[in-house]
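Student: Sharing a structure here in structure tokens format.
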């Protein structure tokens, strides 16, 4: 029983100083008149908890939908715990039924399952976030539905889809980097990239990578300090305002910026060490981009 003043929820103006809350009926009752003043809404969980700790793992909702799975993660399976609750004579039938259901799904979606499984493995190898995997899965679905990427070619299409997804998410990864890490022929990846662009209407809604996008990667790999990092950002912004990026690899330009910045800030890294740390360009490319930057920005570097 509650002793505080309670006003009728139906806006009749009636007030009651003592009410009774009937939890079973979900009603608030005035103890003096017996009138129902309102309803109680249960804000607790909508499941029951059982003594075998099932309540510890329960959730209001299921797993989120994901395009990285052939069925978007909404298919159901017959669990072992449910089968064990049945009579012994029925268990064998349920196990056979479960195998048949799994076999049917696999047979109907075999290519899609294979493609998305390879894509997920490659995304894990490249240590890419979930958002990249989701975007790449959309592209891979188009590839499979178009009948492309049969046999070993599916690995090249997977690499190309991840490359495009990285661009969409503004995560700089080059063709060479992805091809080397995944051990896939770069020319095959570029061909697959062109095919995916055709399937997407001839255009991918993603901007071209710029040198500034590679700054965090260079700072981490080369173990550069905060001062060098700030200078790299300043030089990258200055380079963006010039025309020297036309026809040049942005990662090679970023490597030259790292070389210049580290030399100015007293953390000099050799051109060969910078090139070998990434393996997607040569020290000659770093040297050429270094000369372009020094000449265009009028920088004097004491080496």
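Student: Looking at 215, 221, which is the one that is at pLDDT below 90 and under 33 Å from the mean Cα position of the chain (by Cα)? Lay out the reasoning, then the answer.
Tutor: On the way: 215 fails: at pLDDT below 90.
221 is the lone residue from the list that is at pLDDT below 90 and under 33 Å from the mean Cα position of the chain (by Cα).
Student: Sort out which residues of segment 88-110 are loosely packed, with under 13 Cβ neighbours inside 10 Å and within 32 Å of the chain's Cα centre (by Cα), and write them in order of number.
Tutor: Matches in segment 88-110: 99, 103, 104, 106, 107, 108, 110.
Student: Can I ask one more? Please tell me if residue 248 is surrounded by 15 or more Cβ atoms within 10 Å (Cβ to Cβ) and in a loop (DSSP other than H, G, I, E, B). Even if it seems obvious, please write down each step before you answer.
Tutor: Details: surrounded by 15 or more Cβ atoms within 10 Å (Cβ to Cβ): yes; in a loop (DSSP other than H, G, I, E, B): yes.
It is true that residue 248 is surrounded by 15 or more Cβ atoms within 10 Å (Cβ to Cβ) and in a loop (DSSP other than H, G, I, E, B).
Student: Another one. At pLDDT below 85, assigned by TED's automatic domain parsing to the domain that holds residue 118, closer than 30 Å to residue 153 by Cα and surrounded by 21 or more Cβ atoms within 10 Å (Cβ to Cβ) - does that describe any residue in segment 173-190?
Tutor: Within segment 173-190 (the criterion being at pLDDT below 85, assigned by TED's automatic domain parsing to the domain that holds residue 118, closer than 30 Å to residue 153 by Cα and surrounded by 21 or more Cβ atoms within 10 Å (Cβ to Cβ)), the answer is yes, since at least one residue qualifies.
Student: Consider segment 102-131. How many of its residues are touching a helix residue (DSSP H, G or I) at 6+ places or on another chain (Cβ under 6 Å) and under 22 Å from residue 81 (Cα atoms)?
Tutor: So the answer is 0.
Student: Pick out the one residue from 212, 208 that is assigned to a helix (DSSP H, G or I), touching a residue at least 12 places away in the same chain (Cβ under 8 Å) and within 30 Å of residue 130 (Cα to Cα).
Tutor: Working: 208 fails: assigned to a helix (DSSP H, G or I).
Selected residue: 212, the only one of 212, 208 that is assigned to a helix (DSSP H, G or I), touching a residue at least 12 places away in the same chain (Cβ under 8 Å) and within 30 Å of residue 130 (Cα to Cα).
Student: When residues of segment 264-282 are filtered for being buried (at least 17 other Cβ atoms within 10 Å of the Cβ) and within 31 Å of the chain's Cα centre (by Cα), how many remain?
Tutor: Matching residues across segment 264-282 total 5.
Listed here are the residues, each with its yes/no results for (1) out of contact with any strand residue (DSSP E or B) (no Cβ under 9 Å at 6 or more places or on another chain); (2) more than 21 Å from residue 113 (Cα to Cα); (3) exposed (fewer than 10 other Cβ atoms within 10 Å of the Cβ); (4) at pLDDT below 75.
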residue	(1), (2), (3), (4)
21	no, yes, no, no
40	no, yes, no, yes
54	yes, yes, no, yes
57	yes, yes, yes, yes
61	yes, yes, yes, yes
65	yes, no, no, no
86	yes, yes, no, no
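Student: Let me ask you something else. Quick check on residue 170: is it modelled with pLDDT of 90 or more and surrounded by fewer than 16 Cβ atoms within 10 Å (Cβ to Cβ)? Full working, then the answer.
Tutor: Values: modelled with pLDDT of 90 or more: no; surrounded by fewer than 16 Cβ atoms within 10 Å (Cβ to Cβ): yes.
Answer is no for this residue.
Student: Among 163, 177, which is the only one that is closer than 20 Å to residue 200 by Cα and either under 20 Å from the mean Cα position of the chain (by Cα) or not in a helix (DSSP H, G or I) (or both)?
Tutor: Working: 177 fails: closer than 20 Å to residue 200 by Cα.
So the residue among 163, 177 that is closer than 20 Å to residue 200 by Cα and either under 20 Å from the mean Cα position of the chain (by Cα) or not in a helix (DSSP H, G or I) (or both) is 163.
For every residue, the table says whether it meets (1) assigned by TED's automatic domain parsing to the domain that holds residue 173; (2) touching a helix residue (DSSP H, G or I) at 6+ places or on another chain (Cβ under 7 Å); (3) farther than 30 Å from residue 171 by Cα.
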position: 68; (1), (2), (3): no, yes, no
position: 84; (1), (2), (3): no, no, yes
position: 91; (1), (2), (3): no, yes, yes
position: 100; (1), (2), (3): no, no, yes
position: 149; (1), (2), (3): yes, yes, no
position: 155; (1), (2), (3): yes, yes, no
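The values are calculated or read from the model by the stated rules, or taken from the named source; none is laboratory data. A quick note: this is a predicted structure, and the numbers were derived from the prediction, not measured. Glycine gets a Cβ as well: all are built from the backbone with ideal geometry, and neighbour counts include every protein chain shown.
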